[in-house]
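One structure is given below, encoded as structure tokens.
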Amino acid sequence: MDAIDLLLRRRSAKTLAEPGPDDGALELLLQSAARAPDHGRLRPWRFIIIRAAARARFGDLLAAQLRRARPASSPEALERERLKAFRAPMIIAVAAVKDPHSTVPMAEQMLSAGAAAENILLAARALGFNGMWKTGGAAYDEEVKRALGLEPADALVAFLYLGTEPAGTDEPALRQDWRERVSNWSG
Ligand SMILES: Cc1cc2nc3c(=O)[nH]c(=O)nc-3n(C[C@H](O)[C@H](O)[C@H](O)COP(=O)(O)O)c2cc1C
């Protein structure tokens, strides 16, 4: 797939299965991430890889967060939350560890981490995988951040679920709604 084709066809996966990226593919994903635009060369991004059995512990974190946020959640809802960790063979949590002393605004440091996350998704597609970008309450939860080795002030910008789409997954038509979002400014 050439680069423009890749961009024009980008979409999230609806379902993902094995195989996930192997170590070689993962390295390419992370190298692609590290090419993200980065004001001030702060490299604010952190990538936390969650795979195999660690997904069960990540699922526990998701369920515990839901219980904290909504104590009345039913056991079924908690189980559904826990199982989200098994939506894909691999999850990459993308965080921005922001430097509060930098002259680069914090928002720009987060945007850089977001760009790194998008690079991962695009690189995954180029390698024959696909992914989904999720956040949810867990991304804003201090306990989840701590469990992943982050500080409360750090921003979890993405949980990238990565794997292989089942054969026969529909390719939706190209989107045409971009024109209404564009204007030509002439001063
Ligand atoms: C920062 C960010 C957070 C997101 N969080 C969620 C989420 O928690 N749950 C969800 O269903 N979609 C989430 N999305 C949207 C999906 O990743 C996806 O882009 C959207 O469903 C549209 O599908 P498409 O990517 O195929 O166009 C998020 C997107 C971004 C950029």
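Choose one of PRO21, ALA147, ALA123: the residue whose Cα lies farthest towards the positive end of the charge dipole of the chain (beta-carbon charges +1 Lys, Arg; -1 Asp, Glu; about the Cα centre).
ALA147
For a quick size check, give me the Cα extents of segment 46-125 along its three principal axes, largest first, whole Å.
46, 31, 17
Hey, got the dipole for segment 99-187? About the Cα centre, +1 on K and R Cβ, -1 on D and E Cβ, debye to the nearest 20?
In total the dipole reaches around 220 debye.
Bin width 5 Å, alpha-carbon pairs only: give the P(r) of segment 22-62 as whole percents, running from 0 to the bin holding the largest distance.
The percentages, shortest bin first, are 6, 17, 21, 17, 17, 13, 7, 1.
Quick one: putting +1 on the C-beta of Lys and Arg, -1 on the C-beta of Asp and Glu, what dipole do you get for the chain around its Cα centre, in Debye to the nearest 20?
My answer is approximately 300 debye.
Just the number: Rg to Rh for segment 101-157, Cα atoms, Kirkwood Rh, two decimals.
When Rh is taken as the Kirkwood radius, the ratio is 1.04.
Using helices alone, I'd like the mean residue ellipticity at 222 nm for the chain: each DSSP H run of four-plus residues gives -39500 (n - 2.57), total over residue count, nearest 500.
Helix-only estimate at 222 nm: -11500 deg cm²/dmol.
Student exercise: in the chain, how many lysine pairs 8 or more apart or on different chains have Cα atoms under 20 Å apart?
The number of close lysine pairs in the chain is 6.
Which percent of Cα pairs goes in each bin when the distances of segment 69-114 are cut into 5 angstrom slices starting at zero?
Histogram of Cα-Cα distances, whole percents per bin: 5, 17, 15, 11, 11, 15, 13, 9, 4, 0.
Within segment 78-181, report the trypsin sites (Lys or Arg not before Pro) that DSSP leaves as loop and that have at most 16 other Cβ atoms within 10 Å.
Within segment 78-181, the qualifying trypsin sites (Lys or Arg not before Pro) (loop, at most 16 other Cβ atoms within 10 Å) are ARG175.
What value in Å³ per residue do you get for the convex hull of the alpha-carbon atoms in the chain?
It is 169 Å³ per residue.
Ignoring solvent entirely, what values of log10 I(q)/I(0) come out of the Debye formula for segment 115-187 at 0.27 Å⁻¹ when each Cα is a single scatterer?
Debye intensities relative to I(0), on a log10 scale: -1.18.
Over the chain, what is the relative contact order in whole percent, taking alpha-carbon pairs under 8 Å and six or more residues apart?
For the chain, the relative contact order is 32 percent.
Values in this text are rule-based calculations from the coordinates and carry no lab data. Keep in mind that what you see is a predicted model, and the values were worked out from it rather than measured. Glycine gets a Cβ as well: all are built from the backbone with ideal geometry, and neighbour counts include every protein chain shown.
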